[in-house]
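So the structure is just underneath, and the comments pick up after that.
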Amino acid sequence: MNIDFIEGFLETVRHKSIAKASEQLCISHPALSKQIRAVESYYNVTLFKRSSTGVELTEAGKLLYERILPVYTEWNAIRSELSGRASQTFTIGSLPSLAAHDLPRIVNRMSREQLDVKVMVRSTSHELHEQLRLGAIDGALLECEPGWTEYTSLWSMELYEEPYYAVVYPNHPMAVRSSVSINDLANEQLVVNPPNCSIRKRITALMAAHGFIPKIRMEVNFGDFLTNYVAMGAGITILPQIAVARLQGPELRCIPIDDAGAKRTICLAARTSRIGKRLLPFFKQG
């Protein structure tokens, strides 16, 4: 049984509300509900019944609360005592674009609080999810993807959204435009990373929703420079705002994509809610 699920149960008892407990724990309402169902399934009982004011404990819930609270309190005391003896080291994973832009600021903040930080960079959010699930990293800065919360023991919090831009060479017909639509890209030759790239997957899905398949001119390995090929006129590419902000020089034009779906959401994910809440203040913007 995951200790975070027990914490979720206890917080729900304390607040008599799943919504208020989820807010306190910095997780979503559905995620906390799923945790409670997991505890109910583990003990094969119903723990809560709904009331006009929120939720109330069933008889089985009252018994579990009475028996588990002292155990959880003792576990927390042991954890606090042991953590006071050891230096705190966190291994943080990140996508390459975020590692170059966001992580230096975050690592600096953590270092000022006497925290040791190790960084692991991976090419896709899926790889980072796997590293979290395996316990190889404590937290990760990544792109939220549909369905990734199937790993129920993982915690996540949205940090910000950023738009995508079309990146073209200077004499491209779109170079003079102030914005472009997804439909404007229907006949463009694209320079992209491999299929498991989260940007490629998002844009491919967006184009499919508009009724067309992207025309791939070149597929470039992770770590190679997409924009070098664009500057040479091989095609165009699509990059998030963070990557565009680092581009300099007259060789490229970066044009906003005017579509509600042409954006990505960046999240902090962690192995447990306790680690997530410990890391979150360092990752907040501002």
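The values are calculated or read from the model by the stated rules, or taken from the named source; none is laboratory data. These numbers come from a predicted model, not from an experiment. Note: ideal-geometry Cβ built from the backbone for every residue, glycine included; neighbour counts use all protein chains shown.
Structure notes:
- Every listed requirement among (1) of a type in the set (Asp, Glu); (2) closer than 16 Å to Ser273 by Cα; (3) surrounded by fewer than 15 Cβ atoms within 10 Å (Cβ to Cβ) is met by Glu66 save one, (2).
- Among the residues of region 176-191, those identified as part of a loop (DSSP other than H, G, I, E, B) and touching a helix residue (DSSP H, G or I) at 6+ places or on another chain (Cβ under 9 Å) are Arg177, Ile182, Ala186, Glu188.
For every residue, the table says whether it meets (1) within 20 Å of Met1 (Cα to Cα); (2) touching a strand residue (DSSP E or B) at 6+ places or on another chain (Cβ under 9 Å).
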residue	(1), (2)
Ala19	no, yes
Val45	yes, no
Arg50	no, yes
Tyr65	yes, yes
Ile78	yes, no
Arg122	no, yes
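- Residue match in region 161-175 (condition: surrounded by fewer than 20 Cβ atoms within 10 Å (Cβ to Cβ), in contact (Cβ under 8 Å) with a residue 60 or more places away in the chain, assigned to a loop (DSSP other than H, G, I, E, B) and charged (D, E, K, R)): no
- Residue check, Ser97 farther than 19 Å from Arg274 by Cα, assigned to a helix (DSSP H, G or I) and not hydrophobic (A, V, I, L, M, F, W, C): yes
- In the set (1) surrounded by fewer than 11 Cβ atoms within 10 Å (Cβ to Cβ); (2) modelled with pLDDT under 85; (3) farther than 29 Å from Leu10 by Cβ, the condition left unmet by Glu81 is number (3).
- Qualifying residue in region 129-138 (condition: under 19 Å from Lys284 (Cα atoms), of a type in the set (Gly, Ala, Ser) and out of contact with any Phe, Trp or Tyr (no Cβ under 8 Å at 6 or more places or on another chain)): no
- Just one of the numbered conditions (1) within 30 Å of Met157 (Cβ to Cβ); (2) touching a residue at least 60 places away in the same chain (Cβ under 8 Å) is not true of Val192: (2).
- Screening Tyr165, Tyr160 for residues that are of a type in the set (Phe, Trp, Tyr) and within 18 Å of the chain's Cα centre (by Cα) leaves exactly one candidate, Tyr160.
- Which numbered condition Leu47 fails, given (1) in contact with a Gly (Cβ under 6 Å, 6 or more places away or on another chain); (2) among the hydrophobic types (A, V, I, L, M, F, W, C); (3) in the same structural domain as Val117 (by TED's automatic domain parsing): (3)
- Within region 255-286, being more than 21 Å from Ala140 (Cβ to Cβ), in contact (Cβ under 8 Å) with a residue 60 or more places away in the chain and among the aliphatic types (A, V, I, L, M) holds for Ile255, Ile257, Ala262.
- Subset of region 160-174 (residues that are within 12 Å of Val230 (Cβ to Cβ), among the hydroxyl-bearing types (Ser, Thr, Tyr) and modelled with pLDDT under 95): Tyr169
- Screening region 192-273 for helices (runs of 4 or more DSSP H) wholly inside it with 3 or more residues that are out of contact with any Lys or Arg (no Cβ under 6 Å at 6 or more places or on another chain) and surrounded by fewer than 17 Cβ atoms within 10 Å (Cβ to Cβ) returns the ranges 198-209.
- Matching residues, region 117-140, being under 11 Å from the mean Cα position of the chain (by Cα) and surrounded by fewer than 17 Cβ atoms within 10 Å (Cβ to Cβ): His126
- Flag for Leu141 being modelled with pLDDT of 85 or more, in contact with a Lys or Arg (Cβ under 6 Å, 6 or more places away or on another chain), closer than 30 Å to Ala19 by Cβ and assigned by TED's automatic domain parsing to the domain that holds Thr272: no
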